[in-house]
């Protein structure tokens, strides 16, 4: 996701009026006018999500269906441009993956869900800023095999935090039985929604794809629950950073492979041995011989946050990398960051230095997530 | 006497020294402050010199010396509790104290009415 746009005709999500009514500070983000924070403020919004439940408007993200054109499983086509095992996705299961270019670089990251439809149709959610690019790549590379149906008349909201289950189950008790990375159709306030148990905060929670015209009413219904507060993009960023999740276009871009980005889990275990995807040869080689640089977690020793773009140097002062995401981790109670370093400095525990405002500040390569993730995994009944 | 700069700093004038902090308007615009870096006590600064950093969850902003003089004290409490800048920007959230080399630099700054008019023009 990339912020900033000079487009004066910003798009509005179905929750625009609600954001304004709640007193949100609105900013341009990926072509949309989005709430960066509400009167509660980033710090309290962050903490509230970790302690209770936060409601996020993520309607700017791209939702689409991938239909088969030839009667075959549409996953066969998607596997030509994504390294995850998608064919074996069972109905109602979802998986994180990436869209690769021919050099094995990451064009975007996305979520793929198998619907319950007989034709095996897939539901895909991509980053807002990459929508047009991603759809274009899918069209260009596998358009002869699949039809991409953009779902423009849907809102998307995320309900995240330890109280998310209680909150959503008060509207539809069956959501309590869903396991992490499972999705199904759920009737909420009389309207059929597509609900998944997933999110991007490191907390348990749900993402709810809801008809555009119902998004506002459902959000208001959820916000009326005591434990639920509206949360803006500012806290969304600090929440994902604390659990070591990548921000597309920042923590990776089209020049970075999944191995370098340290997201090998975005590739199927069997597939990453053979490399049957774009850039496969390079990626398999990196997996066996090591990549020249790696995305790592970084904990500054002092209190000063290290922002995106901060240079990383070794003890002799030689440049060895750069911070790609960094700030203050409210739950961690101190600065947290991630960035790329040369492979020789990527081991957890390695002492590094960060050049903050011209001064060298001590830091350590650290394991991610910086705080514990709290996903809910259900055992099969 | 209270004076204000167009960088949203306030100065409480006491004889030939001043206490410096950021305004209510500035703390609101910054959001939750999570880190402050103070000037060194004993530093001699000119008007407009960097005199520290205030970082919120959103971004880093520079503090500037509002006038020329010597830094005589820094608010060490802010290092342990930067949120004082948000909760009490004009009081316990002060940043540093300094001597004033040239009182005419202080006199040239905005008074409270002038500053209020200045921020009204920003909105």
task: Evaluate peptide A:172-183: per residue, the Cβ atoms of other protein chains within 10 Å of its Cβ; return the mean as an integer.
output: 0
- request: Determine the distance separating the Cα centre of the range A:236-278 from the Cα centre of the range B:47-110; give it in Å without decimals.
  value: 42
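Show me the three semi-axes of the equivalent ellipsoid for the range A:1-288, from the C-alpha gyration tensor (sqrt of 5 times each eigenvalue), largest first, rounded to whole Å.
On the way: eigenvalues 186, 89, 67 Å².
Largest first, the range A:1-288 gives 31, 21, 18 Å.
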- request: With r as the distance between the Cβ atoms of residue A:364 and residue A:103 and R0 = 35 Å, compute the FRET efficiency 1/(1 + (r/R0)^6) and round to 0.05.
  value: 0.65
field: Gain in span if fully extended, residue A:177 to residue A:289, counting 0.36 nm per residue against the direct Cα distance
entry: 36.1 nm
statement: Per-residue ellipticity at 222 nm attributable to helices in the protein assembly as shown (runs of n ≥ 4 DSSP H, -39500 (n - 2.57) apiece, nearest 500 deg cm²/dmol) works out to -5500 deg cm²/dmol
message: Could you list A:194, B:94, B:10 so that the one with the fewest beta carbons within 10 Å of its beta carbon is first and the one with the most is last?
response: A:194, B:94, B:10
message: Can you compute the modelled spin-label distance between residue A:88 and residue A:9, with each label point 7 Å from Cα toward Cβ, in nm?
response: 4.8
- prompt: Can you pull the percent of Cα pairs in the protein assembly as shown with separation above 31 Å?
  reply: 51
message: Order these by the 10 Å Cβ neighbour count, fewest first: A:66, A:323.
response: A:66, A:323
message: What distance in nm separates the two pseudo spin-label positions at residue A:170 and residue A:319, each 7 Å out from Cα along the beta-carbon direction?
response: 5.3
task: Grab the beta carbon distance between residue B:59 and residue A:116, set R0 = 45 Å, and tell me the FRET efficiency rounded to 0.05.
output: 0.50
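Estimate the FRET efficiency between residue B:76 and residue B:14 by the formula 1/(1 + (r/R0)^6), using the beta-carbon distance for r and 30 Å for R0, to the nearest 0.05.
Result of the calculation: an efficiency of 0.95.
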message: Assuming 0.36 nm per residue, please report the length gained on full extension of the stretch residue A:253 to residue A:376 beyond their Cα-Cα distance.
response: 41.3 nm
- prompt: Roughly how many nanometres apart are two label points built 7 Å out from the Cα toward the Cβ at residue A:265 and residue A:20?
  reply: 4.0
- prompt: If we count other beta carbons within 10 Å of each Cβ, what is the order of A:269, B:54, A:27, fewest first?
  reply: A:269, A:27, B:54
- line: Expected integer from the mean partner chain Cβ neighbour count at 10 Å over B:51-58 is 5
field: Protection proxy ranking of A:217-229, A:28-40, B:72-84 - average other beta-carbon atoms within 10 Å, highest first
entry: A:28-40, A:217-229, B:72-84
query: Taking every pair of alpha-carbon atoms in the range A:230-272, what share in percent sits in each 10 Å bin, from 0 to the bin with the longest distance?
result: 24, 44, 26, 7, 0
query: So how compact is the range B:2-106: Cα radius of gyration and Dmax in angstrom?
result: 12.4, 37
query: Where the centroid of each part is defined by its Cα atoms, how far is the range A:210-225 from the range A:57-117 in Å?
result: 27
query: Across peptide B:31-44, how many C-beta atoms of other chains are within 10 Å of each residue C-beta, on average?
result: 3
Proportion of all alpha-carbon pairs of the range A:117-171 beyond 17 Å (%): 56
message: I'd like the distance separating the alpha-carbon centroids of the range A:134-204 and the range A:26-51, in whole Å.
response: 21
query: What share of all Cα pairs of the range A:99-227, in percent, falls into each consecutive 10 Å distance bin?
result: 11, 39, 32, 15, 3
statement: Hull volume per residue for the range A:292-366, using the convex hull of the C-alpha atoms, in Å³ is 73
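Rule-based calculations on the coordinates, nothing more; no lab input. All values derive from a computational prediction rather than experimental measurement. FYI the Cβ positions are ideal-geometry reconstructions off the backbone, even for glycines, and counts take in every protein chain you see.
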